[in-house]
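Right, one structure below, let's go through it.
The values are calculated or read from the model by the stated rules, or taken from the named source; none is laboratory data. The model shown is predicted, which means the values in this text are computed figures rather than measured ones. No Cβ is skipped: glycine too gets one built from the backbone with ideal geometry, and neighbour counts run over all protein chains shown.
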There are 2 protein chains.
Amino acid sequence: MTPEEFREAGHALIDWIADYRQQIPQQPVRAQVSPGEVRQSFPGQAPTEAGNFAALLRQLESRVVPGITQVQHPMHFGWFPSNASLASVLGDIASSGLGTLGISWESCPALTEVEEVVCDWMRQLTGLSEAWQGTIHDTASTACVTAMILARERASDFSKNHQGLQAVPRPLVVYSTSQAHSSIAKAVQLAGFGQDNLSYIEEDAYTRAMLPEALAAAIESDIANGRVPAGIVCSVGATGTTAMDPVADIAAIAARHNIWLHVDAAMAGSAMLLPECRHLWQGVEAADSIAWNPHKWMGTILDTALFYVRDTTHLERVMSTNPAYLQSTADGQVTQYRDWGIPLGRRFRALKLWFHLHLDGIDSIRARLRRDLDNARWLAEQAAAAPDWQVLAPVALQTVCLRHVPRDSRGGELSGGALDKHTLAWVNEINQSGQAFLSPSILDGRWMVRVSIGVESTTRAHVEALWQLLRTSAERAAGRR
Amino acid sequence: MTPEEFREAGHALIDWIADYRQQIPQQPVRAQVSPGEVRQSFPGQAPTEAGNFAALLRQLESRVVPGITQVQHPMHFGWFPSNASLASVLGDIASSGLGTLGISWESCPALTEVEEVVCDWMRQLTGLSEAWQGTIHDTASTACVTAMILARERASDFSKNHQGLQAVPRPLVVYSTSQAHSSIAKAVQLAGFGQDNLSYIEEDAYTRAMLPEALAAAIESDIANGRVPAGIVCSVGATGTTAMDPVADIAAIAARHNIWLHVDAAMAGSAMLLPECRHLWQGVEAADSIAWNPHKWMGTILDTALFYVRDTTHLERVMSTNPAYLQSTADGQVTQYRDWGIPLGRRFRALKLWFHLHLDGIDSIRARLRRDLDNARWLAEQAAAAPDWQVLAPVALQTVCLRHVPRDSRGGELSGGALDKHTLAWVNEINQSGQAFLSPSILDGRWMVRVSIGVESTTRAHVEALWQLLRTSAERAAGRR
């Protein structure tokens, strides 16, 4: 394809995208397709001859769009927000258009240095000190695997350079809580520690935050039993209920035993753009690594996961390779991001953050986050005041965890399996309707519903409409029992 | 930013990209900036107020473009090709514009199912049997880490679910050669095996291919010494000289000992689109995993790395997590790609491959690859016939490894450190000039120059111009000695 052909097709595509974004509110939130339906709409073999762009756009429309769950929809309240702000989309388009290659500083100096610039801007915007240096990973999952490997290598005196983890004489242990994101257990497993060496520390029964005294006791006990505490993953805004582990207390314990402390703030990092929220990760300066995703609530399109460390020497010692074909005269004077993560090649992801910050401005981003915090508080107040509704966890940010607990025929509160059945009945009805989308999840062994507020286009009116829908659906489900 | 603002800015950006791509041949190939120059052109803090798009485009032009090494330039012969075909760029733009979220089938059924479709198309186009199922990773490096973890878990009976690698009684060993890409050693280290348990097998002195009899002997010896062979990484088109390890012979040995065999065809996978090249990985059907990068020679923009496995049950058992908040009614009927790799969240990368195949057509992609093979053969013939030039390795694909070895003052061939100095002198002169770019690399302890042909826009005329430039520069450097 020539640049002139690209120009013509590109204009058509931009119009298509603008139209598409405009009509999202008219789409069902959750895709209405059945398993296999999209796949079966495609031919079994690749096209051989070149086809035209108009035909491709029509196929995109007819085959792909019905298979999209609309996470940019103002009535999307599932999982966590996954905003793809149009300002950051433009940065992503610029990145694709430039067609750069990030495998070393030399392969694209601008790719490396703009990443340094925006990671430093984001450091300042979240109130972190100059002690931190950042890079962009694809996801917080990958950042966590990296952190677990950093922890492993610190505790094993760089076993990777010798006989590996398999020759480490005493078991290395990682600590977290049951609230931590599933990627934490996965990271611990992938890094080779083994699931049995992931120690889940007791949480506060209501806030679900890690109890520091329980952590200290577990560590003491492990040491007494010949095990080596290697890592702690502290969740700031855990997925289930946005539980906030107490970073300062945990960091003090980590420091006492020289344990790598990774702060997983995948969701809540966006809140740290707001000075009034920073108490939620108080003590973070004493951590060893931090990961958070601008591609969630802040809205810099996926994949934009920030990973900060203080000890970049350790990072590079663990992650570096230096083959002859990648050496250059700039070595030693520049950052080689290939030595800061797993992949060698990288896209020019920094442009997404730059465009987003430049075109929207941090002030407007902050205003939007405050709007969402406000909307979450409003919804929690409504639910707390309404008969039969329970708010199950503190609303630290923008997620409200709810159950509708109607009375059963004998006047007692519905409970056990019957309550589960009721919860899933009304939430699935809403999700299937396409009017809104919410994530059912399990808390204390029972299903509940997470209302995660924060889509860029979600206003108070949408949250009000949701609250109306929740009540109608739950009460209708209760009436059918 | 509203869709209408996006529409206006998007049109301007498309024009900018089309113009940019058109004038690449007039740019220096290697960026001419010094370390820190791009970074210093940016303000120290993020912008607070929203800025306009025209100003941002001007900054992109003035600050970023000078810091780009032009890997889409027809005179770029460095590393390996990293083509970002404009057809695939359009697919990437569509992906960004849609703003989808891939964390489960339910979060975007189309994202999962189009990935299944295109991975299957690519399987057929490279002549692989239906036994293989694929997914798209960011890079072959990440695919290799995944493969090494799969190898570790097979050899350790799922140690990750118990006490981890640290409790495995006998050392697990991985086999490869010194020609393997740096990401192989990194993957072995990250997966916890330890560098000492990566066994480099002897290579053929000319082809640099792994010697199967040496591999068999190493394995026997390790078993006799109480070590457990766990994985083999077989390079099909290794980075230095595109060396081709003999897959069939290696696979037979792997099968005999139940060792996980990973085929790293990061570069050479593109060649497998050509039936006449498939003898180069003959025996691949008996491997356990294969990785290759359409984002190299084939030209589907980075990041597009295909990863195929035969035993998806093993893959999912190693990589899966199933938290409550990601469960849905579709579970069991659909593919959950989060269980096929490290990250949870993924972009809609399949669109890049779909757009590329649809808009360019596989026939034209194949014709381009054949053009490049032809150009490489032509260059190798010129060098072989020219006085003082040496072709150092078989030209299996599109990479030609060269040295210019002039006579010294006593009529003997230049050698040792003096030859290194000469090689680096002429190649650095070319690279600094911006007229062309080549990767110096080390072979048998001495610097050489890799001419890697395969940029989408590189025609025979460009290769002829390069050959002229090589001779002029090398002879001038020799004359200055």
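Inspect the range B:401-417 for any residue being out of contact with any Asp or Glu (no Cβ under 7 Å at 6 or more places or on another chain) and over 21 Å from B:Arg480 (Cα atoms) and give the result as yes or no.
Within the range B:401-417 (the criterion being out of contact with any Asp or Glu (no Cβ under 7 Å at 6 or more places or on another chain) and over 21 Å from B:Arg480 (Cα atoms)), the answer is yes, since at least one residue qualifies.
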request  = Test B:Ile17 against the stated conditions and say whether it is within 23 Å of B:Val455 (Cα to Cα), within 7 Å of another protein chain (Cβ to nearest Cβ) and of a type in the set (A, V, I, L, M).
outcome  = yes
message = So if I check each of A:Glu130, A:Glu116, which one is of a type in the set (D, E, K, R) and either at the interface with another protein chain (Cβ under 8 Å from one of its Cβ atoms) or within 30 Å of A:Asp19 (Cα to Cα) (or both)?
response = A:Glu116
query = For the range B:374-401, which residues satisfy the criterion of being surrounded by fewer than 20 Cβ atoms within 10 Å (Cβ to Cβ) and under 30 Å from A:Thr48 (Cα atoms)?
reply = B:Asp374, B:Arg377, B:Trp378
inquiry  = Can you say whether B:Asp408 is more than 14 Å from every other protein chain (Cβ to nearest Cβ) and in contact with a Gly (Cβ under 7 Å, 6 or more places away or on another chain), as far as the supplied structure shows?
reply    = no
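Only one of A:Pro81, A:Pro43 is outside any helix (DSSP H, G or I) and under 30 Å from B:Ala55 (Cβ atoms). Can you tell me which?
Working: A:Pro43 fails: under 30 Å from B:Ala55 (Cβ atoms).
After ruling out the rest, the residue left standing is A:Pro81.
For the range B:299-307, indicate whether the set of residues that are within 14 Å of chain A (Cβ to nearest Cβ) and farther than 28 Å from B:Ile103 by Cβ is non-empty.
yes
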ask   = Here is a list of conditions, (1) surrounded by fewer than 24 Cβ atoms within 10 Å (Cβ to Cβ); (2) within 8 Å of another protein chain (Cβ to nearest Cβ), and B:Glu8 meets all of them except one; can you say which number that is?
value = (2)
request  = Scan the range B:374-394 residue by residue and report those that are touching a Cys at 6+ places or on another chain (Cβ under 8 Å) and free of Cβ contacts under 8 Å to residues at least 40 places away in the same chain.
outcome  = B:Val391
task = Just give me the residues in the range B:446-459 being over 15 Å from the mean Cα position of the chain (by Cα) and either within 21 Å of B:Ala474 (Cβ to Cβ) or aliphatic (A, V, I, L, M) (or both), in sequence order.
result = B:Arg446, B:Trp447, B:Met448, B:Val449, B:Arg450, B:Val451, B:Thr458
inquiry  = Can you tell me how many residues within the range A:243-259 are buried (at least 23 other Cβ atoms within 10 Å of the Cβ) and within 21 Å of the chain's Cα centre (by Cα)?
reply    = 4
query = Got a number for residues in the range B:154-173 being facing another protein chain (nearest Cβ under 9 Å) and in a helix (DSSP H, G or I)?
reply = 6
ask   = Which residue, of B:Ser178, B:Ser199, B:Ser182, is within 14 Å of another protein chain (Cβ to nearest Cβ), within 18 Å of B:Pro394 (Cβ to Cβ) and surrounded by fewer than 24 Cβ atoms within 10 Å (Cβ to Cβ)?
value = B:Ser178
key: Evaluation of A:Ala187 against (1) within 22 Å of B:Met319 (Cβ to Cβ); (2) surrounded by fewer than 20 Cβ atoms within 10 Å (Cβ to Cβ) (one fails), failing number   = (2)
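Picking from A:Arg403, A:Arg370, A:Arg407, which residue would you name as being in contact with a helix residue (DSSP H, G or I) (Cβ under 9 Å, 6 or more places away or on another chain), among the basic types (Lys, Arg) and under 21 Å from A:Val71 (Cα atoms)? Lay out the reasoning, then the answer.
Values: A:Arg403 fails: under 21 Å from A:Val71 (Cα atoms); A:Arg407 fails: under 21 Å from A:Val71 (Cα atoms).
None of the other options fit; the residue is A:Arg370.
Working only within the range A:215-227, note down all residues that are of a type outside the set (D, E, K, R) and surrounded by 17 or more Cβ atoms within 10 Å (Cβ to Cβ). Break it down stepwise before answering.
Of the residues in the range A:215-227, the ones of a type outside the set (D, E, K, R) are A:215-219, A:221, A:223-226.
Within the range A:215-227, A:Leu215, A:Ala216, A:Ala218, A:Ile219 qualify.
Of all residues in the range A:75-103, how many are hydrophobic (A, V, I, L, M, F, W, C), in contact with a strand residue (DSSP E or B) (Cβ under 9 Å, 6 or more places away or on another chain) and facing another protein chain (nearest Cβ under 7 Å)? Explain how you work it out, then say what you get.
Of the residues in the range A:75-103, the ones hydrophobic (A, V, I, L, M, F, W, C) are A:75, A:77, A:79-80, A:84, A:86-87, A:89-90, A:93-94, A:98, A:101, A:103.
Then keep just the ones that are in contact with a strand residue (DSSP E or B) (Cβ under 9 Å, 6 or more places away or on another chain); that gives A:75, A:77, A:79-80, A:101, A:103.
Applying the additional criterion that residues be facing another protein chain (nearest Cβ under 7 Å) yields A:79, A:101, A:103.
Summing the residues that are hydrophobic (A, V, I, L, M, F, W, C), in contact with a strand residue (DSSP E or B) (Cβ under 9 Å, 6 or more places away or on another chain) and facing another protein chain (nearest Cβ under 7 Å) in the range A:75-103 gives 3.
Here is a yes/no grid of residues against (1) hydrophobic (A, V, I, L, M, F, W, C); (2) crowded, with 24+ Cβ neighbours inside 10 Å; (3) more than 16 Å from A:Ser96 (Cα to Cα):
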residue: B:Gln22; (1), (2), (3): no, no, no
residue: B:Gln27; (1), (2), (3): no, no, yes
residue: B:Val38; (1), (2), (3): yes, yes, yes
residue: B:Gly51; (1), (2), (3): no, no, yes
residue: B:Ala55; (1), (2), (3): yes, no, yes
residue: B:Arg58; (1), (2), (3): no, no, yes
residue: B:Ile68; (1), (2), (3): yes, yes, no
residue: B:Gln72; (1), (2), (3): no, yes, no
residue: B:Ser85; (1), (2), (3): no, yes, no
Selection from the range B:413-426 of residues that are under 24 Å from B:Thr69 (Cβ atoms), among the aliphatic types (A, V, I, L, M) and touching a residue at least 24 places away in the same chain (Cβ under 8 Å) = B:Ala425
query = For B:Ala180, are the conditions met, namely being without any contact (Cβ under 8 Å) to a residue 40 or more places away in the chain, in contact with a Ser or Thr (Cβ under 8 Å, 6 or more places away or on another chain) and closer than 23 Å to A:Gly341 by Cα?
reply = no
message = So A:Gly341 passes all but one of these: (1) touching a Cys at 6+ places or on another chain (Cβ under 9 Å); (2) closer than 14 Å to A:His137 by Cβ; (3) within 11 Å of chain B (Cβ to nearest Cβ); (4) not charged (D, E, K, R). Which condition number does it fail?
response = (1)
task = Quickly run through the range B:34-43 and pick out the residues that are within 8 Å of another protein chain (Cβ to nearest Cβ) and either under 19 Å from A:Trp121 (Cα atoms) or touching a residue at least 24 places away in the same chain (Cβ under 8 Å) (or both).
result = B:Gly36, B:Glu37, B:Val38, B:Arg39, B:Phe42
key: Residue that is farthest from B:Glu106 (Cα to Cα), among those in the range A:65-74 that are within 7 Å of chain B (Cβ to nearest Cβ) and in contact with an Asp or Glu (Cβ under 9 Å, 6 or more places away or on another chain)   = A:Gln72
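Only residues that are more than 9 Å from every other protein chain (Cβ to nearest Cβ), of a type outside the set (Asp, Glu) and without any contact (Cβ under 8 Å) to a residue 24 or more places away in the chain: list them for the range B:434-445, please. Talk me through it step by step, then tell me what you get.
Narrowing the range B:434-445 to residues more than 9 Å from every other protein chain (Cβ to nearest Cβ): B:434-438, B:444-445.
Subsequent filtering for residues that are of a type outside the set (Asp, Glu) retains B:434-438, B:445.
Within the range B:434-445, B:Gly445 is the sole residue that qualifies.
Give me the residue from the range A:104-113 that is part of a helix (DSSP H, G or I) and facing chain B (nearest Cβ under 7 Å) and, out of that set, nearest to B:Tyr20 (Cα to Cα). Before you say what the answer is, go through the steps one by one.
The initial filter retains those residues of the range A:104-113 that are part of a helix (DSSP H, G or I), namely A:109-113.
Now restrict to residues that are facing chain B (nearest Cβ under 7 Å): A:109-110, A:113.
Details: A:Pro109: 18, A:Ala110: 16, A:Glu113: 21 Å.
Filtering first and then ranking leaves A:Ala110.
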ask   = Any residue in the range A:47-64 that is aromatic (Phe, Trp, Tyr), under 21 Å from A:Leu13 (Cβ atoms) and within 9 Å of chain B (Cβ to nearest Cβ)?
value = yes
inquiry  = Can you find, within the range A:332-367, the residue that is surrounded by the fewest Cβ atoms within 10 Å (Cβ to Cβ) among those that are more than 20 Å from B:Pro343 (Cα to Cα) and without any contact (Cβ under 8 Å) to a residue 60 or more places away in the chain?
reply    = A:Gly332
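Which ranges mark the strands (runs of 3 or more DSSP E) fully within the range B:202-315 that have 1 or more residues being more than 19 Å from B:Ala180 (Cα to Cα) and assigned by the TED database to the domain that holds B:Arg346? Walk me through it before giving the result.
On the way: elements: B:228-235, B:260-264, B:289-292, B:305-309.
Passing ranges, in order: B:228-235, B:305-309.
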